[in-house]
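What follows is one structure encoded as C-alpha cells, with my remarks underneath.
Where a number appears in this text, it was derived from the coordinates with a stated rule and is not lab data. Note that the coordinates shown come from a computational prediction; the quantities given were computed from them, not determined experimentally. Neighbour counts run over all protein chains shown; Cβ positions are idealised from the backbone, glycine included.
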C-alpha cells in the first residue's frame, strides 16, 4: 500500500489556494494592456520574457499568435532600449563631471578660452 503524506511539499510558485493559471493571469493582463508608464527595467524584462514565452507556446501548439503579442513585444523592447540609453547617458554625464573635477585651474581656463574662441568671442586676459 502506498504511503500517503499529510504535508506534501508546497509549490513555491503558487500561493495557498491559488492555481498556477490564477497566478499567470495578472501577468497576461499586464502584458495585454502594456503601457510604458512607470514600469521599472526589471518589470519590462519580465514582461518581455513572458511575451516571448507566450508567443513561443502559441507557435508550438500551432495556435495563431494574437496580433497584440508582437506589437507589445516591440513596444516593450523599445522601452527597454530607451531606459538603457537613459542610464548610459546619465553615467556618461557622471563620468564627465568626475573627469572635469580632476582638471587643474589652468586646464579649466584653457577649456573656457577655447570655447569662447569657438563662439567668436575675444578672450580677455
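For residue 59 and residue 101 in the same chain, what is the full-extension length gain: residue separation times 0.36 nm, less their Cα-Cα distance, in nm?
Here the answer is 9.6 nm.
Once both labels are modelled 7 Å past Cα along the beta-carbon direction, what's the residue 82-residue 35 spacing in nm?
Result for the modelled spin labels: 1.4 nm.
Given R₀ = 22 Å, FRET efficiency for residue 109-residue 89 by Cβ-Cβ distance, to 0.05?
Using R0 = 22 Å, I get an efficiency of 0.20.
Compute for region 20-118: radius of gyration divided by Kirkwood radius, i.e. Rg/Rh, restricted to C-alpha atoms, rounded to two decimals.
Ratio value, two decimals: 1.33.
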